[in-house]
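The values are calculated or read from the model by the stated rules, or taken from the named source; none is laboratory data. Remember, predicted model here, so these are calculated numbers, not experimental data. Cβ placement follows ideal geometry from the backbone for every residue including glycine, while neighbour counts extend to all protein chains displayed. We work out accessible area using only protein heavy atoms, side chains counted, and drop any ligands, DNA or RNA first. Shrake-Rupley method; radii C 1.70, N 1.55, O 1.52, S 1.80 Å.
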Amino acid sequence: MSTETPASLRVLPDPDAPRLTRAVTGRDQTGAAVDLRVVEERPLTIYLNSREIVTAMTIGDHPEWLALGFLTNQGMVTAEDEVTGIDFDEELETVVVRTARETDHEAKLSRATRTSGCAVGTVFGDMMEGLEGLTLPPTPIRVSDLRALSRAINRTPSLYLAAGAIHGTCLCQGPDPLAYFEDVGRHNAVDKLAGWMRVTGTDPSDKTMFTTGRLTSEMVIKCALMGIPCLASRSGFTAWGVEIARQVGLTVIGRMKGERFVCLSGEARVVWDAS
């Protein structure tokens with residue numbers, strides 16, 4: 001497959017970054033020696049003010065966006081909270097997110113719930129918190145745009161193409177991919193995107209989030225709370241993920257391969273402009 005970087009991408013993967021992969025020698029099915037690039041995993045401990053929150057396994061890029069996005073997606077840093085600083089210490093492998101006021105993260109921590117997600121996969125507090133009364137914008141999504149996005153993302157140089165064993169998440173507008181993040185866990189990739197959106201003040205109302213991971217309940221909740229009206233994936237669905245998507249009116253599209261896909265929620269947004 002030929003690879004090319006879409007001109008619209010503002011943040012893109014860097015498969016040549018030396019810290020993200022390591023060369024390992026092994027043997028193939030014939031016994032011949034082979035050199036293989038494998039993805040690195042590094043622990044990253046996230047602090048909120050003076051409190052240690054979680055240690056996540058991550059590939060190590062964009063730690064500030066990952067930390068801010070994680071805390072935002074867990075409801076530990078709200079839209080009203082003023083973030084006064086984000087400090088990353090590469091040697092200690094820690095990120096400290098500082099806010100102008102103390103938060104209620106102690107209460108959140110006391111109600112931690114382990115989910116089926118890989119890597120971080122932890123939701124603090126009530127998973128449905130914030131969905132009551134949520135209204136997502138009716139922004140249309142064209143079938144022709146979905147097909148263009150799938151082609152563009154699949155051909156973008158990435159760690160997935162270079163080494164595999166990784167998930168990707170891309171924020172898109174119409175047929176254009178805007179910001180593409182990868183990590184060993186799909187939730188990490190989404191959190192990096194959320195942190196980037198918060199720092200850049202990106203409007204979510206006319207965007208689509210494309211992910212390589214499964215469309216689980218947690219992925220649906222994160223997308224909805226981020227205000228993104230459409231979630232698409234090359235992978236499949238879980239029943240609870242579909243149920244929650246229908247409750248909040250999120251368009252959910254899965255099994256995107258070639259020109260095929262399945263929409264199980266929010267089909268009213270889909271403009272069927274391609275046969």
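Just a few scattered comments:
- Of all residues making up the stretch 45-86, the number that are under 20 Å from GLY201 (Cα atoms) and either among the acidic types (Asp, Glu) or in a strand (DSSP E or B) (or both): 8
- Options VAL252, VAL262, VAL242, VAL220; residue that is surrounded by 17 or more Cβ atoms within 10 Å (Cβ to Cβ) and not in a helix (DSSP H, G or I): VAL252
- Residues that are within 21 Å of VAL11 (Cα to Cα) and within 14 Å of the chain's Cα centre (by Cα) within the stretch 205-218 comprise LYS207, THR208, MET209, PHE210, THR211, THR212, GLY213, listed in sequence order.
- Unique residue being part of a loop (DSSP other than H, G, I, E, B), out of contact with any Lys or Arg (no Cβ under 9 Å at 6 or more places or on another chain) and either closer than 23 Å to HIS62 by Cβ or not charged (D, E, K, R) (or both) when the list is ALA268, ALA165: ALA165
- For ASP35: the one exception among (1) surrounded by 14 or more Cβ atoms within 10 Å (Cβ to Cβ); (2) in a strand (DSSP E or B); (3) not basic (Lys, Arg): (1)
- Taking every residue in the stretch 215-239 that is on the phi > 0 side of the Ramachandran plot and pairing it with any residue that is modelled with pLDDT under 95 and open to solvent by less than 10 Å² (accessible area, probe 1.4 Å), at least 6 positions away or on another chain, yields no pair with a Cβ-Cβ distance below 6 Å.
- Only a single criterion out of (1) part of a loop (DSSP other than H, G, I, E, B); (2) within 23 Å of GLY227 (Cα to Cα); (3) modelled with pLDDT under 95 is not satisfied by GLU102, namely (2).
- Test: residue in the stretch 127-147 that is closer than 18 Å to ARG51 by Cβ and either at pLDDT below 90 or acidic (Asp, Glu) (or both): no
- Selection count, the stretch 65-89, where residues are open to solvent by 10 Å² or more (accessible area, probe 1.4 Å), aliphatic (A, V, I, L, M) and touching a residue at least 12 places away in the same chain (Cβ under 8 Å): 2
- Taking (1) open to solvent by less than 40 Å² (accessible area, probe 1.4 Å); (2) modelled with pLDDT under 95 in turn, ARG269 satisfies each apart from (2).
- Residues located in the stretch 136-162, provided they are of a type in the set (Gly, Ala, Ser), surrounded by fewer than 19 Cβ atoms within 10 Å (Cβ to Cβ) and in contact (Cβ under 8 Å) with a residue 60 or more places away in the chain: SER144, ALA162
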